[in-house]
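Read through the structure below, which is laid out as structure tokens, and then see the notes.
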There are 2 protein chains.
Amino acid sequence: MNEPSSAFEAARRDGKRLMRLARTGALATLDDGKPLTTLVGVASDWDGSPLFLMSDLARHTKLLALDARVSLLLTSEGGRGDPLNQPRVTLNGVVRRREGRDGRVRYVQRNPKAKLYVDFADFSLRRLDVESVHFNGGFGRADLLTPADLLTPGDASALEAAEPELLDRVAALGDATLAKLAGQDGGRRVWRPVGLDAEGLDLQAGSEVARVDFDAPAFDPSAWQTALERLTG
Amino acid sequence: MNEPSSAFEAARRDGKRLMRLARTGALATLDDGKPLTTLVGVASDWDGSPLFLMSDLARHTKLLALDARVSLLLTSEGGRGDPLNQPRVTLNGVVRRREGRDGRVRYVQRNPKAKLYVDFADFSLRRLDVESVHFNGGFGRADLLTPADLLTPGDASALEAAEPELLDRVAALGDATLAKLAGQDGGRRVWRPVGLDAEGLDLQAGSEVARVDFDAPAFDPSAWQTALERLTG
């Protein structure tokens, strides 16, 4: 077996970050055999799969009822320089309903404006079950990635139960530590934790986003806290 | 006949601006009957139709050779607030080759980084012939627009011939006038003209874009200049 190349590892890290940090995506559905691309809000499920909060009244939702096959493009927000030289990832698969309360909590943490409509009767949470991946890291970087390279399967029920407390603890680290975790120490932005998973932590400051990556997944809440403490040392 | 409502006119203006100012879009092609969404660079043709500079090596280009039906999503760049409350437009239709040198000139004016590869043998210019439109102006603003509402047909050959000189004249107006045209007087950005058409002028300052709209189309170069002078006077 070959060692994974550093180019592969960079592609994998970029793809995972896009999946964790994106707040919108371009979703193509099928409309009588033709594609239709619309803008949708996204969050990430525990394993990294995209989550959507969709209104039954939206055109893409009506189309999904007829054919659930989609393609979702996630791009870097606010990147500098040529946008065609920024990493982006396309996730192809099937959209299904996502039951359970915690998905909505994750979605609203990531997209606080959705608080206004998350409990409306016509809104429901959906999940993209990823079947194939098309990754483009910028010019000359079109690595082959599979769903298994980008997803983090595992039992997240303990993390799910502990998430509110863990996020409170992260917030209590204070502005300076959070800015350092975001890789922005010295900046004036106030960062806040908006979600966590076995592989790390998502931070936001206004329209800016940042990701804290662990070396290895931590599905146990106390292991998660230890992993974070290692980074805040 | 009813007067066009102000909501309709606002939707039309937003749709046209997106088509003139977008530098990237999310393009859905068909891959064996399934959608595939990828990021593409865009510019606008004289009538407003999207232009692409595509490599034969790109996956979407290969798919277009098999089925030319696409859906292109254009979103506002760098908008503030909830991105789902910003205007966006989806243009559906068929992608065809665009012959003639001027299309490449327009594309590179808008996307200067493309200078590096515009003349590579595997790159060619394509145009989206828009057959239907899906407009979403933000919450509660999903107006019905047709291609005719968004396109500006007319003989642009005189404008095309005069464009280099007209752009030089616009640039010669100076930083303060250009900033005012961009609606950014008092700002510190240096704006430059990157394209024109019968309905106005496109300006860029780094990653920022701005549009100058005329009251009525001007296909004659001297009428174009008069229309601009009316705004700078």
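Looking at B:Asn85, B:Asn92 in this structure, which one is at pLDDT below 95 and polar (S, T, N, Q)?
Answer to the selection: B:Asn85.
Give me the residue from the stretch A:58-70 that is of a type in the set (A, V, I, L, M) and either open to solvent by 20 Å² or more (accessible area, probe 1.4 Å) or in contact with a helix residue (DSSP H, G or I) (Cβ under 9 Å, 6 or more places away or on another chain) (or both) and, out of that set, nearest to B:Arg141 (Cα to Cα).
Step one: filter the stretch A:58-70 for residues of a type in the set (A, V, I, L, M), giving A:58, A:63-66, A:68, A:70.
Add one more test, that the residue is either open to solvent by 20 Å² or more (accessible area, probe 1.4 Å) or in contact with a helix residue (DSSP H, G or I) (Cβ under 9 Å, 6 or more places away or on another chain) (or both), and what stays is A:58, A:65-66, A:68, A:70.
On the way: A:Ala58: 12, A:Ala65: 23, A:Leu66: 25, A:Ala68: 26, A:Val70: 24 Å.
Ranking the candidates gives A:Ala58 first.
For the stretch A:87-116, how many residues are open to solvent by less than 30 Å² (accessible area, probe 1.4 Å) and within 11 Å of another protein chain (Cβ to nearest Cβ)?
10
When you go through A:Ala43, A:Ala68, A:Ala22 one by one, which is the residue that is over 14 Å from the mean Cα position of the chain (by Cα) and closer than 22 Å to A:Leu150 by Cβ? Before you say what the answer is, go through the steps one by one.
On the way: A:Ala43 fails: over 14 Å from the mean Cα position of the chain (by Cα); A:Ala22 fails: over 14 Å from the mean Cα position of the chain (by Cα).
Residue meeting the stated conditions: A:Ala68.
Go over the candidates B:Leu84, B:Leu51, B:Leu39 one by one and state the one that is free of Cβ contacts under 8 Å to residues at least 24 places away in the same chain, in contact with a helix residue (DSSP H, G or I) (Cβ under 9 Å, 6 or more places away or on another chain) and aliphatic (A, V, I, L, M). Write out each step before concluding.
On the way: B:Leu84 fails: free of Cβ contacts under 8 Å to residues at least 24 places away in the same chain; B:Leu51 fails: free of Cβ contacts under 8 Å to residues at least 24 places away in the same chain.
Checking each option against the conditions leaves just B:Leu39.
Any idea how many residues of the stretch B:111-162 are part of a strand (DSSP E or B) and of a type in the set (A, V, I, L, M, F, W, C)?
Total satisfying the criteria: 6.
From the set of residues in the stretch B:24-51 that are farther than 21 Å from A:Ser71 by Cα and outside any strand (DSSP E or B), which is farthest from the other protein chains (Cβ to nearest Cβ)?
Across the stretch B:24-51, the extreme among qualifying residues is B:Trp46.
A:Ala216: under 24 Å from A:Thr24 (Cβ atoms), open to solvent by 10 Å² or more (accessible area, probe 1.4 Å) and under 20 Å from the mean Cα position of the chain (by Cα), yes or no?
no
Name every residue in the stretch A:44-57 that is farther than 15 Å from A:Arg97 by Cβ and crowded, with 19+ Cβ neighbours inside 10 Å, in order of residue number.
Step one: of the stretch A:44-57, the residues farther than 15 Å from A:Arg97 by Cβ are A:44, A:46-48, A:57.
Correct list: A:Ser44, A:Trp46, A:Gly48.
The values are calculated or read from the model by the stated rules, or taken from the named source; none is laboratory data. Just so it is clear, the model here is predicted, and its values are computed rather than measured. Using ideal geometry, Cβ is built from the backbone for each residue, glycine included, and neighbour counts are taken over all protein chains shown. Each accessible area value is taken on the protein alone, full model and side chains, heavy atoms only, with ligands, DNA and RNA left out. Shrake-Rupley method; radii C 1.70, N 1.55, O 1.52, S 1.80 Å.
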